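What follows is a single structure, written as C-alpha coordinates, with notes after it.
The values are calculated or read from the model by the stated rules, or taken from the named source; none is laboratory data. All figures in this text were calculated on a predicted structure; none of them were measured in a lab. No Cβ is skipped: glycine too gets one built from the backbone with ideal geometry, and neighbour counts run over all protein chains shown. Protein only, heavy atoms only, side chains kept; ligands, DNA and RNA dropped before computing areas. Shrake-Rupley method; radii C 1.70, N 1.55, O 1.52, S 1.80 Å.
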Amino acid sequence: MTSAQPSSEQPSPPTSGQPSEQPSEPTSGPASSPGSEPPDAVREIAAGYAFTGPALDLGAVVRDGETWPRAQVRIPLGVLNRHGLVAGATGTGKTKTLQLIAEQLSEQGVPVFLADIKGDVSGISVPGTPNDRITARAAEVGQDWTPQGCPAEFYALGGQGTGIPVRATVTSFGPLLLAKVLELNETQEASLGLVFHYADRSGLELYDLKDLTAVISFLTSPEGKAELKGIGGLSAATAGVILRSLTVLDNEGAGAFFGEPEFDTAELLRTAADGRGTVSVLELPAVQDRPRLFSTFLMWLLADLYQELPEVGDLDRPKLVFFFDEAHLLFRGASRSFLESITQTVRLIRSKGVGIFFVTQTPKDVPADVLAQLGNRVQHALRAFTPDDAKALKATVSTFPKSGYDLTEVLTQLGTGEAVVTVLSEKGAPTPVAATRLRSPRSLMGPVAEPGLRAAVEASPLAARYRDAIDRESAYEKLTARPAAAPAAEPETASRPREAERERPRREEREREEREREEREEPGGVLGSLLSSPALKSFARSAGTQLGREITRSLFGTSRRRR
(Lines give C-alpha, C1' and ligand atoms only; values in the text may rest on other atoms or scores of the structure.)
Protein backbone atom coordinates (compact mmCIF):
# COMPACT_ATOMS: atom_id res chain seq x y z
CA MET A 1 0.00 0.00 0.00
CA THR A 2 1.21 3.48 -0.63
CA SER A 3 1.39 6.41 1.72
CA ALA A 4 1.93 9.98 0.73
CA GLN A 5 4.54 12.18 2.33
CA PRO A 6 3.44 15.23 4.29
CA SER A 7 4.26 18.72 3.27
CA SER A 8 7.29 20.18 4.94
CA GLU A 9 5.19 23.18 5.79
CA GLN A 10 2.49 22.91 8.43
CA PRO A 11 -0.88 24.55 7.74
CA SER A 12 -0.86 28.15 8.82
CA PRO A 13 -3.44 29.37 11.34
CA PRO A 14 -6.76 30.24 9.70
CA THR A 15 -7.55 33.83 9.00
CA SER A 16 -10.40 35.53 10.79
CA GLY A 17 -13.80 34.19 9.80
CA GLN A 18 -12.48 30.85 8.44
CA PRO A 19 -13.02 27.55 10.27
CA SER A 20 -9.91 25.98 11.74
CA GLU A 21 -8.65 22.64 10.52
CA GLN A 22 -7.40 21.90 14.03
CA PRO A 23 -9.66 21.18 17.01
CA SER A 24 -11.15 24.36 18.36
CA GLU A 25 -10.66 25.73 21.82
CA PRO A 26 -13.10 24.26 24.36
CA THR A 27 -16.63 25.63 24.12
CA SER A 28 -18.16 23.14 26.55
CA GLY A 29 -16.28 24.21 29.62
CA PRO A 30 -13.47 22.45 31.51
CA ALA A 31 -13.05 18.71 31.81
CA SER A 32 -13.98 17.11 35.12
CA SER A 33 -11.18 16.35 37.55
CA PRO A 34 -9.84 12.77 37.30
CA GLY A 35 -11.26 11.69 40.65
CA SER A 36 -14.66 13.33 40.49
CA GLU A 37 -17.73 11.15 40.19
CA PRO A 38 -20.02 11.91 37.27
CA PRO A 39 -23.66 12.75 38.02
CA ASP A 40 -26.37 10.13 37.54
CA ALA A 41 -27.36 11.49 34.12
CA VAL A 42 -23.78 11.08 32.83
CA ARG A 43 -23.44 7.59 34.33
CA GLU A 44 -26.67 6.57 32.63
CA ILE A 45 -25.40 7.77 29.26
CA ALA A 46 -22.02 6.07 29.78
CA ALA A 47 -23.73 2.78 30.61
CA GLY A 48 -25.47 2.89 27.24
CA TYR A 49 -22.07 2.94 25.50
CA ALA A 50 -20.34 0.27 27.63
CA PHE A 51 -20.03 -2.34 24.88
CA THR A 52 -18.28 -5.66 25.37
CA GLY A 53 -17.05 -6.19 21.79
CA PRO A 54 -14.72 -4.12 19.59
CA ALA A 55 -15.86 -0.53 19.11
CA LEU A 56 -14.69 2.82 17.75
CA ASP A 57 -14.02 5.61 20.26
CA LEU A 58 -15.67 8.92 19.37
CA GLY A 59 -15.11 11.06 22.47
CA ALA A 60 -16.36 11.98 25.94
CA VAL A 61 -19.81 12.96 27.22
CA VAL A 62 -20.52 16.65 27.76
CA ARG A 63 -23.19 17.58 30.30
CA ASP A 64 -24.05 21.00 31.76
CA GLY A 65 -20.96 22.56 30.24
CA GLU A 66 -18.54 19.97 31.63
CA THR A 67 -16.66 17.21 29.79
CA TRP A 68 -16.49 13.80 31.49
CA PRO A 69 -13.52 11.78 30.10
CA ARG A 70 -14.54 8.68 32.09
CA ALA A 71 -17.84 8.58 30.16
CA GLN A 72 -16.82 7.48 26.69
CA VAL A 73 -19.06 7.53 23.60
CA ARG A 74 -18.40 4.65 21.18
CA ILE A 75 -19.80 2.81 18.12
CA PRO A 76 -19.79 -1.01 18.10
CA LEU A 77 -17.87 -2.31 15.11
CA GLY A 78 -20.53 -4.90 14.32
CA VAL A 79 -23.34 -2.37 13.71
CA LEU A 80 -21.55 -0.23 11.15
CA ASN A 81 -23.28 -2.08 8.32
CA ARG A 82 -26.52 -0.55 9.68
CA HIS A 83 -25.36 2.68 8.04
CA GLY A 84 -25.10 6.17 9.48
CA LEU A 85 -25.40 9.91 9.04
CA VAL A 86 -22.85 12.62 9.74
CA ALA A 87 -24.50 16.03 9.48
CA GLY A 88 -23.80 19.62 10.42
CA ALA A 89 -23.32 23.12 9.11
CA THR A 90 -20.21 24.11 7.17
CA GLY A 91 -17.13 24.41 9.37
CA THR A 92 -18.45 22.34 12.29
CA GLY A 93 -15.97 19.48 11.90
CA LYS A 94 -17.72 16.85 9.73
CA THR A 95 -14.58 16.09 7.71
CA LYS A 96 -12.49 15.52 10.82
CA THR A 97 -15.19 13.22 12.20
CA LEU A 98 -14.94 11.14 9.03
CA GLN A 99 -11.17 11.07 9.42
CA LEU A 100 -11.47 9.99 13.07
CA ILE A 101 -13.83 7.13 12.24
CA ALA A 102 -11.94 6.08 9.10
CA GLU A 103 -8.55 5.75 10.76
CA GLN A 104 -10.00 3.62 13.58
CA LEU A 105 -11.76 1.38 11.07
CA SER A 106 -8.47 0.96 9.22
CA GLU A 107 -6.74 0.01 12.47
CA GLN A 108 -9.42 -2.62 13.06
CA GLY A 109 -8.76 -4.15 9.62
CA VAL A 110 -11.79 -2.64 7.87
CA PRO A 111 -11.25 -1.01 4.44
CA VAL A 112 -12.72 2.47 4.01
CA PHE A 113 -13.77 4.60 1.06
CA LEU A 114 -13.69 8.41 1.35
CA ALA A 115 -14.63 11.02 -1.24
CA ASP A 116 -12.31 14.02 -0.86
CA ILE A 117 -14.38 16.91 -2.21
CA LYS A 118 -12.18 19.79 -1.06
CA GLY A 119 -8.80 18.08 -1.13
CA ASP A 120 -8.19 18.09 2.62
CA VAL A 121 -8.57 14.37 3.44
CA SER A 122 -5.29 13.20 1.90
CA GLY A 123 -3.56 13.80 5.24
CA ILE A 124 -5.05 10.55 6.53
CA SER A 125 -2.09 8.77 4.92
CA VAL A 126 0.55 10.33 7.16
CA PRO A 127 0.97 10.80 10.92
CA GLY A 128 -0.38 13.98 12.45
CA THR A 129 1.73 16.69 14.04
CA PRO A 130 1.27 17.24 17.78
CA ASN A 131 0.49 20.74 19.00
CA ASP A 132 -0.99 22.41 22.08
CA ARG A 133 -4.58 22.18 20.84
CA ILE A 134 -4.35 18.44 20.21
CA THR A 135 -2.69 17.88 23.59
CA ALA A 136 -5.41 19.87 25.37
CA ARG A 137 -8.20 18.06 23.50
CA ALA A 138 -6.69 14.65 24.31
CA ALA A 139 -6.57 15.51 28.02
CA GLU A 140 -10.19 16.72 28.01
CA VAL A 141 -11.60 13.59 26.39
CA GLY A 142 -9.31 10.96 27.92
CA GLN A 143 -7.50 10.14 24.67
CA ASP A 144 -4.02 8.62 24.55
CA TRP A 145 -3.04 10.49 21.39
CA THR A 146 -0.09 9.29 19.31
CA PRO A 147 0.49 10.25 15.66
CA GLN A 148 -0.25 7.57 13.07
CA GLY A 149 -1.14 7.50 9.37
CA CYS A 150 -3.13 4.90 7.47
CA PRO A 151 -2.33 2.80 4.38
CA ALA A 152 -4.01 4.70 1.56
CA GLU A 153 -4.67 4.68 -2.17
CA PHE A 154 -5.60 7.84 -4.08
CA TYR A 155 -7.97 7.84 -7.04
CA ALA A 156 -9.28 10.46 -9.48
CA LEU A 157 -12.30 10.30 -11.79
CA GLY A 158 -11.02 9.69 -15.30
CA GLY A 159 -7.57 10.71 -14.15
CA GLN A 160 -8.65 14.36 -13.78
CA GLY A 161 -6.61 15.33 -10.77
CA THR A 162 -3.90 13.53 -8.84
CA GLY A 163 -4.88 9.90 -8.47
CA ILE A 164 -5.22 6.52 -10.14
CA PRO A 165 -7.85 6.94 -12.88
CA VAL A 166 -11.32 5.58 -12.11
CA ARG A 167 -13.36 4.82 -15.23
CA ALA A 168 -16.60 3.02 -15.98
CA THR A 169 -17.86 1.71 -19.27
CA VAL A 170 -21.15 3.19 -20.43
CA THR A 171 -22.68 -0.30 -20.50
CA SER A 172 -21.69 -0.89 -16.87
CA PHE A 173 -22.85 2.55 -15.79
CA GLY A 174 -26.35 1.81 -17.06
CA PRO A 175 -29.22 3.98 -18.29
CA LEU A 176 -30.63 5.06 -14.93
CA LEU A 177 -27.40 6.57 -13.60
CA LEU A 178 -26.51 8.08 -16.95
CA ALA A 179 -29.95 9.69 -17.19
CA LYS A 180 -29.26 11.35 -13.82
CA VAL A 181 -25.96 12.76 -15.13
CA LEU A 182 -27.63 13.99 -18.34
CA GLU A 183 -30.57 15.51 -16.42
CA LEU A 184 -33.14 13.67 -18.53
CA ASN A 185 -36.83 13.52 -17.68
CA GLU A 186 -38.56 10.18 -17.10
CA THR A 187 -39.75 9.81 -20.70
CA GLN A 188 -36.23 10.45 -22.01
CA GLU A 189 -34.83 8.14 -19.34
CA ALA A 190 -37.11 5.33 -20.56
CA SER A 191 -36.00 5.92 -24.16
CA LEU A 192 -32.36 5.75 -23.08
CA GLY A 193 -33.16 2.43 -21.41
CA LEU A 194 -34.51 1.20 -24.74
CA VAL A 195 -31.22 2.14 -26.42
CA PHE A 196 -29.26 0.15 -23.82
CA HIS A 197 -31.66 -2.77 -24.30
CA TYR A 198 -31.04 -2.78 -28.04
CA ALA A 199 -27.25 -2.55 -27.60
CA ASP A 200 -27.26 -5.45 -25.13
CA ARG A 201 -29.41 -7.56 -27.44
CA SER A 202 -27.31 -6.80 -30.49
CA GLY A 203 -23.87 -7.34 -28.95
CA LEU A 204 -22.90 -3.68 -29.37
CA GLU A 205 -20.48 -2.84 -26.57
CA LEU A 206 -20.96 0.64 -25.13
CA TYR A 207 -17.54 1.43 -23.71
CA ASP A 208 -17.43 5.22 -24.13
CA LEU A 209 -19.69 8.12 -25.12
CA LYS A 210 -18.96 7.83 -28.84
CA ASP A 211 -20.31 4.27 -28.75
CA LEU A 212 -23.60 5.42 -27.25
CA THR A 213 -23.83 8.33 -29.70
CA ALA A 214 -23.28 5.95 -32.61
CA VAL A 215 -26.06 3.60 -31.47
CA ILE A 216 -28.57 6.44 -30.97
CA SER A 217 -27.74 7.89 -34.38
CA PHE A 218 -28.16 4.49 -35.98
CA LEU A 219 -31.54 3.86 -34.32
CA THR A 220 -32.90 7.13 -35.72
CA SER A 221 -31.60 6.44 -39.23
CA PRO A 222 -33.84 4.92 -41.92
CA GLU A 223 -32.02 1.61 -41.54
CA GLY A 224 -32.10 1.56 -37.75
CA LYS A 225 -35.73 2.55 -37.15
CA ALA A 226 -36.90 -0.91 -38.18
CA GLU A 227 -34.71 -2.48 -35.45
CA LEU A 228 -36.98 -1.15 -32.68
CA LYS A 229 -40.25 -1.76 -34.44
CA GLY A 230 -42.60 -3.58 -32.06
CA ILE A 231 -41.07 -2.36 -28.79
CA GLY A 232 -41.69 1.36 -28.92
CA GLY A 233 -39.18 2.95 -31.23
CA LEU A 234 -37.05 6.02 -30.55
CA SER A 235 -38.45 9.38 -31.58
CA ALA A 236 -36.22 11.87 -33.34
CA ALA A 237 -37.08 14.56 -30.79
CA THR A 238 -36.05 12.47 -27.79
CA ALA A 239 -32.93 11.20 -29.55
CA GLY A 240 -32.00 14.82 -30.29
CA VAL A 241 -32.27 15.78 -26.60
CA ILE A 242 -30.10 12.85 -25.53
CA LEU A 243 -27.50 13.48 -28.22
CA ARG A 244 -27.25 17.17 -27.31
CA SER A 245 -26.82 16.28 -23.64
CA LEU A 246 -24.10 13.78 -24.49
CA THR A 247 -22.30 16.41 -26.57
CA VAL A 248 -22.38 18.90 -23.69
CA LEU A 249 -21.12 16.25 -21.28
CA ASP A 250 -18.26 15.34 -23.60
CA ASN A 251 -17.34 19.00 -24.19
CA GLU A 252 -17.09 19.47 -20.42
CA GLY A 253 -14.38 16.82 -20.35
CA ALA A 254 -16.53 14.10 -18.80
CA GLY A 255 -15.82 11.78 -21.71
CA ALA A 256 -12.63 10.75 -19.90
CA PHE A 257 -14.69 9.18 -17.12
CA PHE A 258 -16.21 6.60 -19.48
CA GLY A 259 -14.06 3.93 -21.05
CA GLU A 260 -11.58 1.21 -20.30
CA PRO A 261 -9.87 -0.15 -18.33
CA GLU A 262 -12.91 -0.12 -16.07
CA PHE A 263 -12.23 0.21 -12.36
CA ASP A 264 -12.77 -2.98 -10.38
CA THR A 265 -14.55 -2.04 -7.15
CA ALA A 266 -12.95 -5.07 -5.47
CA GLU A 267 -9.86 -2.83 -5.16
CA LEU A 268 -11.74 -0.97 -2.41
CA LEU A 269 -11.79 -4.10 -0.22
CA ARG A 270 -8.03 -4.51 0.15
CA THR A 271 -6.02 -4.62 3.37
CA ALA A 272 -2.36 -3.81 3.94
CA ALA A 273 0.32 -6.37 4.71
CA ASP A 274 0.05 -5.53 8.43
CA GLY A 275 -3.69 -6.30 8.45
CA ARG A 276 -4.92 -2.72 8.51
CA GLY A 277 -7.69 -1.76 6.13
CA THR A 278 -6.75 0.36 3.13
CA VAL A 279 -8.31 3.83 3.01
CA SER A 280 -9.32 4.58 -0.59
CA VAL A 281 -9.48 8.34 -1.14
CA LEU A 282 -11.23 9.58 -4.29
CA GLU A 283 -9.72 12.99 -5.00
CA LEU A 284 -12.45 15.26 -6.42
CA PRO A 285 -11.15 18.87 -6.28
CA ALA A 286 -10.59 18.87 -10.06
CA VAL A 287 -14.27 18.01 -10.70
CA GLN A 288 -16.00 19.67 -7.75
CA ASP A 289 -17.74 22.04 -10.17
CA ARG A 290 -19.60 19.01 -11.61
CA PRO A 291 -21.39 17.73 -8.49
CA ARG A 292 -24.11 15.83 -10.34
CA LEU A 293 -21.46 13.82 -12.16
CA PHE A 294 -19.27 12.84 -9.23
CA SER A 295 -22.20 12.11 -6.88
CA THR A 296 -23.67 9.77 -9.50
CA PHE A 297 -20.30 8.10 -9.96
CA LEU A 298 -20.20 7.43 -6.22
CA MET A 299 -23.58 5.73 -6.58
CA TRP A 300 -22.18 3.63 -9.43
CA LEU A 301 -19.41 2.40 -7.12
CA LEU A 302 -22.02 1.36 -4.55
CA ALA A 303 -24.26 -0.26 -7.16
CA ASP A 304 -21.32 -2.23 -8.54
CA LEU A 305 -20.33 -3.39 -5.05
CA TYR A 306 -23.90 -4.50 -4.43
CA GLN A 307 -23.94 -6.40 -7.70
CA GLU A 308 -20.60 -8.16 -7.19
CA LEU A 309 -20.47 -9.01 -3.46
CA PRO A 310 -22.03 -12.22 -2.07
CA GLU A 311 -24.63 -12.27 0.69
CA VAL A 312 -22.94 -12.61 4.09
CA GLY A 313 -25.55 -11.36 6.59
CA ASP A 314 -24.41 -9.58 9.75
CA LEU A 315 -20.68 -9.89 10.39
CA ASP A 316 -18.66 -9.05 13.50
CA ARG A 317 -17.06 -6.31 11.39
CA PRO A 318 -18.03 -4.85 7.99
CA LYS A 319 -16.20 -5.66 4.77
CA LEU A 320 -16.15 -1.98 3.81
CA VAL A 321 -17.44 1.33 5.16
CA PHE A 322 -18.32 3.83 2.43
CA PHE A 323 -18.55 7.54 3.26
CA PHE A 324 -20.84 9.34 0.80
CA ASP A 325 -19.90 13.01 1.13
CA GLU A 326 -22.13 15.87 -0.10
CA ALA A 327 -25.02 13.39 -0.14
CA HIS A 328 -27.63 16.06 -0.93
CA LEU A 329 -26.20 16.28 -4.45
CA LEU A 330 -27.23 12.70 -5.10
CA PHE A 331 -30.87 13.24 -4.15
CA ARG A 332 -31.42 16.70 -5.59
CA GLY A 333 -33.61 16.54 -8.69
CA ALA A 334 -33.60 12.72 -8.72
CA SER A 335 -36.39 10.90 -10.53
CA ARG A 336 -38.80 8.64 -8.67
CA SER A 337 -37.22 5.48 -10.07
CA PHE A 338 -33.75 6.74 -9.15
CA LEU A 339 -34.78 7.39 -5.52
CA GLU A 340 -36.43 3.99 -5.31
CA SER A 341 -33.23 2.34 -6.52
CA ILE A 342 -31.13 4.23 -3.96
CA THR A 343 -33.49 3.19 -1.17
CA GLN A 344 -33.37 -0.45 -2.22
CA THR A 345 -29.58 -0.42 -2.54
CA VAL A 346 -29.13 1.07 0.94
CA ARG A 347 -31.61 -1.39 2.40
CA LEU A 348 -30.04 -4.47 0.84
CA ILE A 349 -26.31 -3.75 0.71
CA ARG A 350 -25.96 -4.18 4.48
CA SER A 351 -26.37 -7.94 3.93
CA LYS A 352 -23.29 -7.76 1.68
CA GLY A 353 -21.24 -6.46 4.62
CA VAL A 354 -21.05 -2.84 3.43
CA GLY A 355 -21.86 0.11 5.68
CA ILE A 356 -22.71 3.55 4.26
CA PHE A 357 -22.38 6.90 6.02
CA PHE A 358 -24.16 9.76 4.27
CA VAL A 359 -22.50 13.12 4.96
CA THR A 360 -24.50 16.30 4.48
CA GLN A 361 -25.59 19.51 6.21
CA THR A 362 -29.00 18.57 7.59
CA PRO A 363 -30.96 15.29 7.84
CA LYS A 364 -33.68 16.81 5.66
CA ASP A 365 -31.26 16.53 2.72
CA VAL A 366 -31.80 12.75 2.83
CA PRO A 367 -35.17 11.25 1.78
CA ALA A 368 -37.20 9.84 4.66
CA ASP A 369 -37.06 6.25 3.37
CA VAL A 370 -33.26 6.39 3.31
CA LEU A 371 -32.96 8.30 6.59
CA ALA A 372 -35.01 5.63 8.35
CA GLN A 373 -32.25 3.11 7.60
CA LEU A 374 -29.40 5.14 9.10
CA GLY A 375 -29.01 3.75 12.60
CA ASN A 376 -25.87 5.67 13.64
CA ARG A 377 -26.06 9.44 13.95
CA VAL A 378 -23.35 12.06 14.51
CA GLN A 379 -24.99 15.48 14.39
CA HIS A 380 -22.70 18.51 14.47
CA ALA A 381 -23.90 22.05 15.08
CA LEU A 382 -26.76 23.57 13.12
CA ARG A 383 -27.35 27.27 12.55
CA ALA A 384 -30.73 28.96 12.85
CA PHE A 385 -30.20 32.30 11.13
CA THR A 386 -33.28 32.16 8.89
CA PRO A 387 -36.86 30.78 9.17
CA ASP A 388 -35.83 27.87 6.93
CA ASP A 389 -32.89 27.15 9.25
CA ALA A 390 -35.28 27.13 12.21
CA LYS A 391 -37.55 24.63 10.46
CA ALA A 392 -34.59 22.40 9.64
CA LEU A 393 -33.44 22.57 13.29
CA LYS A 394 -36.89 21.60 14.56
CA ALA A 395 -37.08 18.71 12.08
CA THR A 396 -33.63 17.47 13.14
CA VAL A 397 -34.51 17.53 16.85
CA SER A 398 -37.63 15.49 16.15
CA THR A 399 -35.56 12.64 14.69
CA PHE A 400 -33.63 11.98 17.92
CA PRO A 401 -34.81 9.74 20.78
CA LYS A 402 -36.05 11.50 23.92
CA SER A 403 -33.24 12.65 26.18
CA GLY A 404 -32.41 14.91 29.08
CA TYR A 405 -30.87 17.48 26.70
CA ASP A 406 -32.64 20.50 25.29
CA LEU A 407 -31.48 19.64 21.79
CA THR A 408 -32.88 22.82 20.25
CA GLU A 409 -30.43 24.75 22.38
CA VAL A 410 -27.57 22.25 22.37
CA LEU A 411 -27.43 21.86 18.58
CA THR A 412 -27.03 25.59 18.05
CA GLN A 413 -24.31 25.93 20.70
CA LEU A 414 -22.00 23.06 19.81
CA GLY A 415 -18.46 24.12 18.96
CA THR A 416 -16.20 22.78 16.22
CA GLY A 417 -15.36 19.16 16.99
CA GLU A 418 -18.48 18.60 19.10
CA ALA A 419 -21.58 16.63 18.15
CA VAL A 420 -24.76 15.03 19.43
CA VAL A 421 -24.46 11.26 19.03
CA THR A 422 -26.77 8.27 19.13
CA VAL A 423 -25.85 4.89 17.63
CA LEU A 424 -27.11 1.33 17.68
CA SER A 425 -25.99 -0.86 20.55
CA GLU A 426 -24.68 -4.38 20.07
CA LYS A 427 -28.27 -5.58 20.47
CA GLY A 428 -29.51 -3.18 17.80
CA ALA A 429 -31.27 -0.74 20.16
CA PRO A 430 -30.60 3.03 20.05
CA THR A 431 -28.11 4.28 22.62
CA PRO A 432 -28.85 7.30 24.82
CA VAL A 433 -28.40 10.69 23.16
CA ALA A 434 -24.99 12.06 24.12
CA ALA A 435 -23.56 15.51 23.56
CA THR A 436 -19.96 14.57 22.78
CA ARG A 437 -16.62 16.27 22.64
CA LEU A 438 -14.89 14.35 19.87
CA ARG A 439 -11.38 12.98 19.84
CA SER A 440 -8.70 14.32 17.52
CA PRO A 441 -7.66 12.26 14.49
CA ARG A 442 -4.18 10.81 14.80
CA SER A 443 -3.34 11.44 11.15
CA LEU A 444 -2.53 14.80 9.58
CA MET A 445 -5.53 17.15 9.69
CA GLY A 446 -4.87 18.85 6.38
CA PRO A 447 -3.85 18.09 2.79
CA VAL A 448 -0.66 16.37 1.75
CA ALA A 449 1.58 18.47 -0.50
CA GLU A 450 1.13 17.81 -4.22
CA PRO A 451 4.61 16.28 -4.79
CA GLY A 452 4.04 13.77 -1.99
CA LEU A 453 0.59 12.91 -3.30
CA ARG A 454 1.90 12.40 -6.82
CA ALA A 455 4.72 10.20 -5.55
CA ALA A 456 2.24 8.03 -3.65
CA VAL A 457 0.12 7.55 -6.78
CA GLU A 458 3.10 6.67 -8.96
CA ALA A 459 4.34 4.16 -6.39
CA SER A 460 1.01 2.34 -6.23
CA PRO A 461 0.88 -1.15 -7.76
CA LEU A 462 -2.48 -0.18 -9.27
CA ALA A 463 -1.06 2.69 -11.34
CA ALA A 464 0.13 0.52 -14.23
CA ARG A 465 -3.21 -1.32 -14.36
CA TYR A 466 -5.45 1.74 -14.70
CA ARG A 467 -3.26 4.63 -15.85
CA ASP A 468 -3.53 4.33 -19.65
CA ALA A 469 -6.92 4.39 -21.38
CA ILE A 470 -7.57 1.79 -24.08
CA ASP A 471 -10.03 1.86 -26.97
CA ARG A 472 -11.13 -1.59 -28.11
CA GLU A 473 -13.50 -2.38 -30.94
CA SER A 474 -17.02 -1.59 -29.79
CA ALA A 475 -20.33 -0.20 -31.02
CA TYR A 476 -18.82 2.80 -32.80
CA GLU A 477 -16.40 0.72 -34.87
CA LYS A 478 -18.98 -1.98 -35.62
CA LEU A 479 -21.63 0.47 -36.80
CA THR A 480 -19.13 2.52 -38.80
CA ALA A 481 -17.98 -0.62 -40.60
CA ARG A 482 -21.51 -1.55 -41.70
CA PRO A 483 -22.09 -1.22 -45.44
CA ALA A 484 -24.47 1.60 -46.34
CA ALA A 485 -27.98 0.47 -47.18
CA ALA A 486 -28.59 0.36 -50.93
CA PRO A 487 -31.16 2.97 -51.99
CA ALA A 488 -34.37 1.62 -53.46
CA ALA A 489 -34.45 1.84 -57.25
CA GLU A 490 -36.97 4.48 -58.31
CA PRO A 491 -37.51 6.01 -61.70
CA GLU A 492 -36.01 9.38 -62.08
CA THR A 493 -38.87 11.76 -62.75
CA ALA A 494 -39.22 15.47 -62.60
CA SER A 495 -42.11 15.03 -60.17
CA ARG A 496 -39.97 13.71 -57.25
CA PRO A 497 -38.69 17.10 -56.00
CA ARG A 498 -42.25 18.48 -56.08
CA GLU A 499 -43.58 15.46 -54.17
CA ALA A 500 -40.86 15.83 -51.51
CA GLU A 501 -41.74 19.49 -51.15
CA ARG A 502 -45.42 18.66 -50.68
CA GLU A 503 -44.55 15.95 -48.15
CA ARG A 504 -42.44 18.27 -45.95
CA PRO A 505 -45.34 20.06 -44.13
CA ARG A 506 -46.98 16.72 -43.32
CA ARG A 507 -43.70 15.31 -41.99
CA GLU A 508 -43.08 18.38 -39.82
CA GLU A 509 -46.66 18.17 -38.51
CA ARG A 510 -46.15 14.51 -37.53
CA GLU A 511 -42.91 15.35 -35.69
CA ARG A 512 -44.60 18.23 -33.85
CA GLU A 513 -47.48 15.97 -32.76
CA GLU A 514 -44.97 13.38 -31.56
CA ARG A 515 -43.13 15.93 -29.42
CA GLU A 516 -46.39 17.17 -27.92
CA ARG A 517 -47.47 13.62 -27.13
CA GLU A 518 -44.21 12.98 -25.25
CA GLU A 519 -44.59 16.16 -23.24
CA ARG A 520 -48.20 15.21 -22.27
CA GLU A 521 -47.35 11.64 -21.44
CA GLU A 522 -47.58 10.60 -17.79
CA PRO A 523 -44.30 9.74 -16.04
CA GLY A 524 -43.43 6.17 -16.78
CA GLY A 525 -45.78 6.02 -19.79
CA VAL A 526 -43.11 5.08 -22.30
CA LEU A 527 -41.40 2.93 -19.68
CA GLY A 528 -44.71 1.22 -18.95
CA SER A 529 -45.33 0.44 -22.59
CA LEU A 530 -41.76 -0.79 -22.91
CA LEU A 531 -42.05 -3.11 -19.93
CA SER A 532 -45.42 -4.44 -21.11
CA SER A 533 -44.04 -5.29 -24.53
CA PRO A 534 -44.32 -9.05 -25.26
CA ALA A 535 -40.91 -8.96 -26.90
CA LEU A 536 -39.21 -7.48 -23.84
CA LYS A 537 -41.05 -9.87 -21.47
CA SER A 538 -39.79 -12.75 -23.57
CA PHE A 539 -36.22 -11.47 -23.27
CA ALA A 540 -36.54 -10.93 -19.52
CA ARG A 541 -37.78 -14.51 -19.05
CA SER A 542 -34.67 -15.79 -20.77
CA ALA A 543 -32.68 -15.83 -17.54
CA GLY A 544 -30.17 -18.28 -18.98
CA THR A 545 -29.29 -16.01 -21.87
CA GLN A 546 -26.99 -13.00 -21.90
CA LEU A 547 -29.96 -10.73 -22.56
CA GLY A 548 -31.89 -12.10 -19.58
CA ARG A 549 -28.94 -11.40 -17.34
CA GLU A 550 -28.58 -7.87 -18.71
CA ILE A 551 -32.24 -6.91 -18.24
CA THR A 552 -32.39 -8.15 -14.64
CA ARG A 553 -28.82 -7.33 -13.74
CA SER A 554 -29.21 -4.57 -11.16
CA LEU A 555 -31.56 -2.19 -9.42
CA PHE A 556 -29.81 0.61 -11.30
CA GLY A 557 -29.54 -1.26 -14.59
CA THR A 558 -25.78 -1.52 -14.10
CA SER A 559 -24.26 -4.56 -15.79
CA ARG A 560 -22.54 -7.42 -14.09
CA ARG A 561 -18.79 -7.22 -14.56
CA ARG A 562 -17.47 -9.41 -17.35
CA ARG A 563 -14.43 -11.31 -16.14
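Yes or no, residue by residue, for (1) among the polar types (S, T, N, Q); (2) open to solvent by 10 Å² or more (accessible area, probe 1.4 Å); (3) at pLDDT 90 or above:
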{"site": "266", "(1), (2), (3)": "no, yes, yes"}
{"site": "272", "(1), (2), (3)": "no, yes, yes"}
{"site": "279", "(1), (2), (3)": "no, no, yes"}
{"site": "286", "(1), (2), (3)": "no, yes, no"}
{"site": "312", "(1), (2), (3)": "no, yes, yes"}
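The set of residues from segment 402-455 being among the basic types (Lys, Arg), buried (at least 22 other Cβ atoms within 10 Å of the Cβ) and in contact with a Ser or Thr (Cβ under 6 Å, 6 or more places away or on another chain) comprises just one member, 437.
If you go through segment 40-88 and keep only what is surrounded by 24 or more Cβ atoms within 10 Å (Cβ to Cβ), within 21 Å of residue 139 (Cα to Cα) and among the polar types (S, T, N, Q), you end up with just 67. Among the residues of segment 89-107, those identified as at pLDDT below 95, open to solvent by less than 20 Å² (accessible area, probe 1.4 Å) and not hydrophobic (A, V, I, L, M, F, W, C) are 92, 93. Of the residues making up segment 45-65, those that are of a type in the set (A, V, I, L, M) and part of a strand (DSSP E or B) are 55, 56, 58, 60, 61, 62.
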